[in-house]
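As structure tokens, the structure follows; a few thoughts come after it.
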Amino acid sequence: MSSPHPLTFHWFLPTNGGDGRHVIAGGHGVSTGPNGRPADIGYLTQVARAAEENGFEAALTPAGAWCEDAWLSTAMLSQTSERLKFLVAFRPGLVAPFLAAQMASTYQNLTGGRLLLNVVTGGESHEQRMFGDFLDKDARYERCDEFLEIVRRLWAGETVTYAGEHLAVEAAKLAQVPSPAPEIYFGGSSPAAGRVAARHADVYLTWGEPPAAVAEKIAWIRGLAEREGRKIRFGIRLHTITRDTSAEAWAEADRLLAQMPQSAIADVQAGLARSESEGQRRMLDLHGGRADRLEIHPNLWAGIGLVRGGAGTAMVGSHEEVADLVCEYADLGIEEFVLSAYPHLEGAYWFGEGVLPILAERGRWVDPRPQRQVSGSVPFAGAKVAAS
């Protein structure tokens, strides 16, 4: 029997208002407050460097009206970090396909291949209208399909003339193609999302649902991709609360929960209930707005989603228990994990120093960091110190 494929781990950049020791300090559009950490280049550099120092491959950077622009912020951070790639969330249709292809090519070529693209169609019509986009959800997916067809052909060096329902280009050709072409990450739980993923995605991303639900999604997308003659990898987006012991980890989850005012939970849940996103509806169904039944699978906690849109679940437990849950997902076919924690800086070390070594011992992870030359001598180790 062949050995499992090595897993890939990515981290998250909190450009959505900042970071802090409470979930409420990092949610969509929620202020960090007086004790939070603003999302400035100094702090984001610390998070990016912590990610690459701990063996993460890339860092997801969100897109939306509630966060800093992902292209600009990560372009800056590419100059203050060394190896880390950037999984840039990007909404097609807000930029013309030729310009988007050119931007990605420039980014890829000038950073030495450090760009990955997380294509997000946009789940909220009211937010899309802020950007001047007045298409409905189904039409946004149709446009996304056209957009990715044009962009992929441009990246392949083709001269593209295309006239679709939503987009058109004539004799378009990039002077510089990206080397290599950025991989496309794509998520979505609706039928329209599945069709686009099957045609264009390199990696299909799901939010952290229980393993049984994730298995169903993998089978669904894999079947759609096979009908398109394609193979797709699978990834999952989760938070983490990992500590030396299970008791410490659950105590941290309880501390985070205690910092979520009931009024804030009610306000966030009311807003999220209006979402057009099928994935967001599935996240809400995991807890139903209640704080008394949050462990929805062993070591999988839905508490984050009480006050945060999008990914709302966390792996909680000892390093060994979290590694076990990672392996449970991996055995279903998940190969890539996009992770985060509160705060993101310390969380990168908790996972990187606690869980990744266990996964390496099990043969599930190969450290991507260059080997370091460490001297065996310790300065002054043999010196006698006079008593004072």
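The values are calculated or read from the model by the stated rules, or taken from the named source; none is laboratory data. Everything numeric here is computed off the predicted structure, so don't read it as measured data. Ideal geometry is used to build each Cβ from the backbone, glycine not excepted, and the neighbour counts take in all protein chains shown. The accessibility values were calculated without ligands, DNA or RNA, using every heavy atom of the protein model including side chains. Shrake-Rupley method; radii C 1.70, N 1.55, O 1.52, S 1.80 Å.
Name the residue, out of Thr245, Thr240, that is polar (S, T, N, Q) and surrounded by fewer than 16 Cβ atoms within 10 Å (Cβ to Cβ). Break it down into steps so the answer makes sense when it comes.
Values: Thr240 fails: surrounded by fewer than 16 Cβ atoms within 10 Å (Cβ to Cβ).
Exactly one of Thr245, Thr240 is polar (S, T, N, Q) and surrounded by fewer than 16 Cβ atoms within 10 Å (Cβ to Cβ), namely Thr245.
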Thr80 is checked against (1) within 24 Å of Arg308 (Cα to Cα); (2) in contact with a helix residue (DSSP H, G or I) (Cβ under 8 Å, 6 or more places away or on another chain); (3) among the β-branched types (Val, Ile, Thr) and fails just one. What number does that condition carry?
(1)
Hey, Gly132 hits all of (1) outside any strand (DSSP E or B); (2) under 19 Å from Ala63 (Cα atoms); (3) within 23 Å of the chain's Cα centre (by Cα) but one; which does it fall short on?
(3)
Give me the pairs, please: first residue somewhere in the range 38-53 and open to solvent by 20 Å² or more (accessible area, probe 1.4 Å), second residue anywhere and β-branched (Val, Ile, Thr) and outside any helix (DSSP H, G or I), beta-carbon distance under 8 Å, and either six or more positions apart or on two chains.
Pro38/Thr32; Ala39/Thr15; Ile41/Thr80; Thr45/Thr80; Arg49/Thr80
Name the residue that is most open to solvent (accessible area, probe 1.4 Å), counting only residues in the range 65-85 that are of a type outside the set (Ser, Thr, Tyr), over 26 Å from Glu142 (Cα atoms) and in contact with a strand residue (DSSP E or B) (Cβ under 9 Å, 6 or more places away or on another chain).
Glu68
Given the condition aliphatic (A, V, I, L, M), in contact with a helix residue (DSSP H, G or I) (Cβ under 8 Å, 6 or more places away or on another chain), farther than 23 Å from Pro62 by Cα and part of a helix (DSSP H, G or I), answer yes or no: does some residue in the range 159-180 qualify?
no
Do we have any residue at all in the range 333-348 that's in contact (Cβ under 8 Å) with a residue 12 or more places away in the chain, among the aliphatic types (A, V, I, L, M) and within 20 Å of Glu216 (Cα to Cα)?
yes
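Do any helices (runs of 4 or more DSSP H) lying entirely in the range 268-364 carry at least 1 residues that are at pLDDT below 95 and either open to solvent by less than 10 Å² (accessible area, probe 1.4 Å) or out of contact with any helix residue (DSSP H, G or I) (no Cβ under 6 Å at 6 or more places or on another chain) (or both), and which ones are they?
278-287
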I want to confirm something. Restricting to the range 256-265 and keeping residues that are surrounded by 13 or more Cβ atoms within 10 Å (Cβ to Cβ) and over 24 Å from the mean Cα position of the chain (by Cα), which single residue is modelled with the highest pLDDT?
Gln259
Between Gly132, Gly194, Gly113, which is buried (at least 19 other Cβ atoms within 10 Å of the Cβ) and either at pLDDT below 95 or closer than 30 Å to Tyr329 by Cβ (or both)?
Gly194
